[in-house]
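Visitor: The structure that follows is given in the form of structure tokens.
The values are calculated or read from the model by the stated rules, or taken from the named source; none is laboratory data. The structure displayed is predicted, hence computed values, not measured ones. Note that we place each Cβ from the backbone using ideal geometry, even for glycine, and neighbour counts take in every protein chain shown. Heavy atoms of the whole protein, side chains included, go into the accessibility calculation; ligands, DNA and RNA do not. Shrake-Rupley method; radii C 1.70, N 1.55, O 1.52, S 1.80 Å.
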Amino acid sequence: MIAYSINGHIEVKSRHHAPNMKHLNWDDLRLLSLIAQEGTLRGAARKAGLSPATLSRRLDALEEAVGQKLVERFQGGCIPTAFGADVVALADQMGEIALEVERTRDRQNAHAASGVVRINTDEWLSYFLTTRFAPFHEAYPNVEVEIVTSHRPYSLARREADIAIRPYRPEQLDLVTRHIGTLSFGLYCSRDVATRHAAAFANQQWASMPFVGFDEPRAEFQSGRWLRALPGGPVPWMRCSYGLGILDGVAHGAGLGVLATFLANDQHDLVAAIAHIPELDQDIWLSMHGGLRTSARVRAVVDFMGQVFSQYRETGR
């Protein structure tokens, strides 16, 4: 089988087929590859953002264009024919080549990317990003980054922000979303507090220890509910309206508090009473408007954040 590109289309020839076969659009081959991966039209359609009926028509048109059946359809799923498997293999190779071309272009055009990228996120993640973004400026000196911190999500549809980093997956259909990591939490105090309350600390006698937490309007945050469920139901004597206030109080000896583990790992004088609280884990999702996926400056920021969260998964920092 031979394949080559003509004016942005793909021509596939087989020794089993006449030489007058039509040129094929790359997107149709990509859909065929997706069908082979998912094993069902319904699964492939969902991943491609199409209806099963539309995907079925696209497959029919592709098979008509090549003049051969590419997929055997059964009640339980789809299996590529022998010829279809050859075409899928070729499409997968071309997909890898296309990705490598994009990566090469991005490396060569790093200094050409320019403009402002606005990231909307909450307080913990804002701190996470601002303390890790310095290397980005070396790679993309002409891209400016604005990190807008708020508990209220900014509207990506109205372009209040370009990218959102949130502990939940947005439901808007016009957004591109990506799971980029999981934020974990623990219960920490300063070394001085652990020493002064050594017996209570060792035996987890929480009722006799001081705590720092959120104020009443934020008492229903997940970490606040978790604190109240501890034996003894500790009530924080120092209460803050923002997360970094809890960090400041804990770091300066005011008591125990729930902190993101990456924050605690950045502090040298904190001691973990409970190093990981699994029920407080938060899946972190990156989302952006679909119209920005080809923006060089936005892609640069998204790729960099992917690297940062990948490092966090591996090292906890």
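Visitor: Just to be sure before I move on: is HIS268 within 30 Å of ILE163 (Cα to Cα) and part of a loop (DSSP other than H, G, I, E, B) in the structure I sent?
Guide: Against the criterion (within 30 Å of ILE163 (Cα to Cα) and part of a loop (DSSP other than H, G, I, E, B)), HIS268 does not qualify.
Results for (1) surrounded by fewer than 15 Cβ atoms within 10 Å (Cβ to Cβ); (2) at pLDDT 85 or above, shown as yes or no for each residue.
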site	(1), (2)
ILE6	yes, no
HIS16	yes, no
LEU29	no, yes
LEU41	no, yes
SER51	yes, yes
ALA65	no, yes
LYS69	yes, yes
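Visitor: Report yes if some residue within the stretch 212-226 is open to solvent by less than 20 Å² (accessible area, probe 1.4 Å), assigned to a strand (DSSP E or B) and free of Cβ contacts under 8 Å to residues at least 40 places away in the same chain; otherwise report no.
Guide: No: the stretch 212-226 contains no residue that is open to solvent by less than 20 Å² (accessible area, probe 1.4 Å), assigned to a strand (DSSP E or B) and free of Cβ contacts under 8 Å to residues at least 40 places away in the same chain.
Visitor: What is the one condition in (1) part of a helix (DSSP H, G or I); (2) within 28 Å of the chain's Cα centre (by Cα) that ASP248 does not satisfy?
Guide: Just one mismatch for ASP248, condition (2).
Visitor: Could you tell me whether the stretch 101-112 includes any residue that is more than 30 Å from the chain's Cα centre (by Cα), surrounded by fewer than 14 Cβ atoms within 10 Å (Cβ to Cβ) and not hydroxyl-bearing (Ser, Thr, Tyr)?
Guide: no
Visitor: Another question about this same structure. Taking the criterion of being over 24 Å from SER287 (Cα atoms), open to solvent by less than 60 Å² (accessible area, probe 1.4 Å) and part of a loop (DSSP other than H, G, I, E, B), would at least one residue in the stretch 152-165 satisfy it?
Guide: No, there is no match, as no residue in the stretch 152-165 is over 24 Å from SER287 (Cα atoms), open to solvent by less than 60 Å² (accessible area, probe 1.4 Å) and part of a loop (DSSP other than H, G, I, E, B).
Visitor: Read through the list (1) modelled with pLDDT of 90 or more; (2) within 28 Å of ALA264 (Cα to Cα), then give the number of the only condition that PHE83 fails.
Guide: Only one criterion is unmet by PHE83, namely (2).
Visitor: Give VAL308, VAL301 a once-over and let me know the one that is in a helix (DSSP H, G or I), open to solvent by less than 40 Å² (accessible area, probe 1.4 Å) and more than 16 Å from LEU183 (Cβ to Cβ).
Guide: VAL301
Visitor: Looking at the structure I just gave you, is VAL193 touching a residue at least 12 places away in the same chain (Cβ under 8 Å) and under 26 Å from LEU129 (Cα atoms)?
Guide: Answer is no for this residue.
Visitor: Restricting to the stretch 171-181, and then to whatever is farther than 17 Å from LEU129 by Cα and open to solvent by 30 Å² or more (accessible area, probe 1.4 Å), can you tell me which residue is modelled with the lowest pLDDT?
Guide: Looking at the filtered set, the residue picked out is LEU173.
Visitor: Among the residues of the stretch 182-200, is any among the aromatic types (Phe, Trp, Tyr), at pLDDT 90 or above, surrounded by 19 or more Cβ atoms within 10 Å (Cβ to Cβ) and out of contact with any Ser or Thr (no Cβ under 6 Å at 6 or more places or on another chain)?
Guide: Within the stretch 182-200 (the criterion being among the aromatic types (Phe, Trp, Tyr), at pLDDT 90 or above, surrounded by 19 or more Cβ atoms within 10 Å (Cβ to Cβ) and out of contact with any Ser or Thr (no Cβ under 6 Å at 6 or more places or on another chain)), the answer is yes, since at least one residue qualifies.
Visitor: Is one or more of the residues making up the stretch 272-291 open to solvent by less than 60 Å² (accessible area, probe 1.4 Å) and free of Cβ contacts under 8 Å to residues at least 40 places away in the same chain?
Guide: Checking the stretch 272-291: at least one residue is open to solvent by less than 60 Å² (accessible area, probe 1.4 Å) and free of Cβ contacts under 8 Å to residues at least 40 places away in the same chain.
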